[in-house]
Amino acid sequence: MSDHFARADQPGAAGEEHPLAAEPPPARGVVRAAPGTPFDMLARNPAHRWWRPLVTLLVFAGTTAVALICTTVLFVGTVLVGMPTRVLRVVSDPALSPEDLLRDPLLMLFFSFALLVALIPAAVLTARWTQRRNPASLVSVVGGFRAGWLGAALLWGLLVFGTMFGVSLLLQVFAGIPLLEGFPGWWSYSSIVLIAVIVVPVQSAAEELVFRGLLLQTLNAWFRVPWLGIVVSSLVFLSGHGYTDPAVWAELLLMAGAMCWLSIRTGGLEAAIALHVSNNSLSLFIAGLSGVPGVEQGGNYPLAQVAPLMVAVVVYTWLVDRSAARRGLYTVVGGREPIHPVTLRPRGSSRAESRAAEGVNS
């Protein structure tokens, strides 16, 4: 075993308290990936068969459809119960339709983010049912969130993206562009802030659990080549957005690729979640100054508006990757093995793969 590999019975340099030896036995029917397995290969456990990734994708599609329908019904029901006056208006005025109940821009903004939270139970159930593993392995190689690391990454994200958005606002001021033109009022803006602080972090975590967790791990259990899974999952991530501007496509693909890269290099989703939250929440803070943001995704964006976001993604990725290395985070199951920045494989990958192959019929 490589000299860089931290033994399972020793905590990492950052004081990680999730050594494999201290974990309780897995639940009945649950299997674990072999020691030395990197994050993107956690679905390739002893229960893996060639057909499991396909079944996983089909089951996830079905559970997602059910979860989204249930969430939509719950949301509509809540709106109907909470707004009796508007219901009476719809009933008494033939010119109005039930759709008018959902045309409140704040409600639509809330729903557009809250709807994606339904992806969490879909991903969790799919990992447990079809891959016979603990759903916590969707999050990291230690089987769950590393709260300290998540907080540190979030601070980096707020610093980098906060600086980028702050500079953009200053440039608008110097250009004579009014910042508060169209300000929706303090009641509406405070609602936007609450959505950005409470709902957006959960929505961002849900997307990461799916795209950089379940999807990336499932694809790489099939491909066994990190970059194929990164490319495919990033394209699926792009297709989930409605933008038509090539510059925005490039920015989204860069962000998706960076989040995949960080997840593998750091052994978990924390850095990707922090990037996603920082970008989404801060952009909502800024957009809300000019009115309640719409949920439509489209239009053309000047390169001068997109390029700073791309620079921020690159700077954040570099800073967080260096921070993770200094903290000595576990990057594979059971310990720390430096992950090559290009191949995205542990330095001792040949031995790790041979261990992972034991008991796996592909």
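Any read-out appearing in this document is the output of simple, stated calculations on the displayed coordinates, not a laboratory observation. The model shown is predicted, which means the values in this text are computed figures rather than measured ones. Heads up, the Cβs are rebuilt from the backbone with ideal geometry, glycines too, and the neighbour counts pull from every protein chain shown.
Under the shape rule built on the C-alpha gyration tensor, where the axes satisfy a ≥ b ≥ c, the stretch 183-326 is prolate, since a/c reaches at least 1.5 and a/b is greater than b/c. For the listed peptides 260-270, 147-157, 64-74, a ranking on the average number of other beta carbons within 10 Å per residue, highest first, reads 260-270, 147-157, 64-74. Taking a ≥ b ≥ c as the square roots of the eigenvalues of the Cα gyration tensor, the stretch 20-346 is oblate, since a/c reaches 1.5 or more and a/b is not larger than b/c. Once backbone amide H atoms are built at 1.01 Å from N, residue 332 has 337 as its partners under 5 Å, excluding neighbours fewer than 5 places away on the same chain. Taking a Cβ cut-off of under 15 Å around residue 320, the surrounding Lys, Arg, Asp and Glu residues balance to a net charge of +3, with basic ones at +1 and acidic ones at -1. Note that the stretch 128-145 has calculated 3J(HN,Hα) couplings of 6, 6, 9, 10, 6, 10, 5, x, 5, 6, 5, 8, 6, 6, 9, x, x, 6 Hz, one per residue in order, obtained from phi through the Karplus relation 6.51 cos²θ - 1.76 cosθ + 1.60 (θ = phi - 60°); glycine and proline are x.
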